[in-house]
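A.B. asks: Sharing a structure, written as structure tokens. Questions coming.
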Amino acid sequence: MKVEINTPSKSYSVIIKSGAIKLLGKQLNAKKYTKLYIITDQTVGPLHLDTLKAQLPNDLEAVEFQVPSGEQAKQFSVYEQCLEFALENGLDRNSCIIAFGGGAVGDLAGFVAATYMRGIDFFQIPTTILAHDSAVGGKTAINLPLGKNMVGVFHQPETVIYDIDFLKTLPTSEIRSGFAEVVKHALIADPQLLKYLMENITSLSEITDDMFVYILGRGIEIKAAVVSEDEKETGVRAVLNFGHTLGHAIEATAGYGKYTHGEAVMIGMVYALYLSKEKLGLTYDISKFIEWIHQLGYDSHIPNYLSFDQAFQAMQRDKKSVANKPYFVLLASVGKPVLEEVEKSLAEKTFITFKQME
Ligand code: NAD
Ligand code: ZN
């Protein structure tokens with residue numbers, strides 16, 4: 001499957017299939033690069049780097065750098081090491097970076113590509129489910145000790161090659177994290193996809209290649225449609241934040257690592273569904289949805305330690321907030337997201353009822 005991404009700054013393809021990596025050599029040959037610089041992490045490197053390297057053109061020199069796995073990759077010090085490595089190895093303006101890994105590597109390597117010598121080309125070769133979200137749209141970033149993704153720019157890749165064979169080594173917890181974003185894309189844009197997911201996916205370890213191609217491809221199409229309308233996130237792109245207002249608050253207060261991103265977002269989405277029911281009269285069957293996500297191993301409860309005040313403070317710091325009032329992406333119906341201010345009293349009442357639920 002191939003999805004075309006059209007943004008005002010660039011158009012490019014996302015190729016999603018088993019064995020897609022075999023297309024890399026041809027794509028690179030067409031570009032006449034001077035050198036390649038593969039950035040991967042210490043988990044993906046040992047597992048899959050040989051497969052990637054087997055596809056590189058013989059006459060194109062490639063250097064590689066392995067960064068720490070997970071969020072550790074997005075530290076300033078690692079970013080600096082990546083740039084120094086590029087300079088030491090003679091990368092020039094006509095060289096190309098390959099981001100080979102999950103969203104963390106994609107964000108870091110994309111930011112290195114965007115800033116090295118004021119910007120060079122890069123390819124995204126995502127290896128997680130979550131990366132169906134992060135590899136498309138051109139947001140790149142690293143973290144500061146006080147805030148995630150606080151330093152970054154928009155820089156679109158040349159091509160995204162999404163070989164679903166790489167997903168086979170993912171631990172279930174990472175599948176669960178990424179799959180939550182597929183569910184998000186379905187909830188905000190595609191009732192058919194949601195129906196398909198709920199009917200066909202009842203275990204995260206039994207998703208077939210064909211299912212992956214369909215659900216990831218559709219997720220990418222949805223993200224692409226939003227991003228092409230609003231490349232730099234000034235308006236409609238906010239709908240991609242569905243579930244993230246409380247989700248981020250849970251991640252931030254639990255300490256990063258206790259919940260994966262997707263697990264926290266899933267709880268946030270359930271909260272947003274309840275808010276949508278209260279505020280907009282959403283008629284969707286939330287208990288059936290909760291039953292399904294439990295079956296997939298998600299927790300649907302607000303963590304016990306998290307008080308409303310703590311959560312509210314964190315939600316007020318959300319980037320959608322205006323004048324300290326939290327704005328939520330809510331659903332008028334499945335597929336119809338709206339950005340709404342939610343009064344503190346309603347946020348609190350819903351929070352408390354939701355927290356007490358079994
Ligand atoms: P990740 O890159 O940290 O990967 C998760 C874990 O899985 C890591 O430990 C990694 O080493 C491991 N891994 C990756 N591929 C593997 C494979 N094939 N087999 C076995 N293990 C593998 O995280 P992620 O969940 O892919 O992405 C999260 C990051 O993406 C966050 O930093 C988030 O801020 C960012 N993000 C960016 C955007 C964007 O638009 N740029 C959107 C959403 C999320
Ligand atoms: Zn997310």
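A.B. asks: In nm, to one decimal, how far is the modelled label at GLN356 from the one at ARG93, with both set 7 Å along Cα→Cβ?
C.D. replies: Output for this residue pair reads 6.5 nm.
A.B. asks: Still on this structure: If you average the sequence gap of Cα pairs under 8 Å that are 6 or more apart and divide by the length of segment 98-214, what percent do you get for the contact order?
C.D. replies: Averaging sequence separation for qualifying contacts and normalising by length gives 23 percent for segment 98-214.
A.B. asks: Sticking with this structure for a sec: In what order do VAL151, VAL270 fall by count of nearby beta-carbon atoms within 10 Å, going from fewest to most?
C.D. replies: With the sparsest Cβ surroundings first, the list reads VAL151, VAL270.
A.B. asks: Let me ask something else. Taking the Cβ of GLY281 as the center, what net charge do the other residues with Cβ under 15 Å away carry, scoring Lys and Arg +1 and Asp and Glu -1?
C.D. replies: For residues surrounding GLY281, the net value is 0.
A.B. asks: Hey, another quick one. Taking only DSSP H segments of four or more residues, each worth -39500 (n - 2.57), what value at 222 nm results for the chain once the sum is divided by all its residues, to the nearest 500 deg cm²/dmol?
C.D. replies: -13500 deg cm²/dmol
A.B. asks: Say a site is exposed when it is one of the trypsin sites (Lys or Arg not before Pro), sits in a DSSP loop, and has at most 15 other Cβ atoms within 10 Å; what is then the longest site-free stretch of the chain?
C.D. replies: 94-231
A.B. asks: A further question on this structure: Might you report the magnitude of the Cβ-based charge dipole of the chain about its Cα centre, with Lys and Arg at +1 and Asp and Glu at -1, to the nearest 20 debye?
C.D. replies: 580
A.B. asks: Separate question: Could you tell me the largest-minus-smallest coordinate of the C-alpha atoms of segment 86-187 on each of the three principal axes, in descending order and whole angstroms?
C.D. replies: Rounded to whole Å, the extents work out to 41, 34, 22 Å.
A.B. asks: Continuing with the same structure: How far apart, in nm, are the 7 Å Cα→Cβ label points at GLN27 and GLU278?
C.D. replies: In this crude label model, GLN27 to GLU278 measures out at 4.5 nm.
A.B. asks: Can I ask one more? Cα gyration tensor of segment 169-311, axes a ≥ b ≥ c as square roots of the eigenvalues: rounded (a/c below 1.5), prolate (a/b > b/c) or oblate?
C.D. replies: Rounded, since a/c falls under 1.5.
A.B. asks: Compute the FRET efficiency between TYR196 and ASP309 as 1/(1 + (r/R0)^6), taking r as their Cβ-Cβ distance and R0 = 56 Å, and round to the nearest 0.05.
C.D. replies: 0.90
A.B. asks: Then there is this: DSSP loop (so not H, G, I, E, B), at most 11 other Cβ within 10 Å: list which chymotrypsin sites (Phe, Trp or Tyr not before Pro) in segment 274-343 pass both filters.
C.D. replies: Of the chymotrypsin sites (Phe, Trp or Tyr not before Pro), the ones in loops of segment 274-343 whose Cβ has at most 11 other Cβ atoms within 10 Å are TYR305.
A.B. asks: Sort the chain into rounded, prolate or oblate with this rule: let a ≥ b ≥ c be the square roots of the eigenvalues of the Cα gyration tensor; rounded if a/c is under 1.5, and if a/c is not under 1.5, prolate when a/b is larger than b/c, oblate otherwise.
C.D. replies: The shape class here is prolate.
A.B. asks: So what's the angle, to the nearest 10 degrees on a 0 to 90 scale, between helix 103-115 and the longest Cα principal axis of the chain?
C.D. replies: The angle comes out near 50 degrees.
Readers should treat all values here as calculations from the given coordinates under stated rules, not as data from a laboratory. For clarity, every value in this text was computed on a predicted model and none was experimentally measured. Counting neighbours? That spans all protein chains shown, and the Cβs are built from the backbone with ideal geometry, glycine included.
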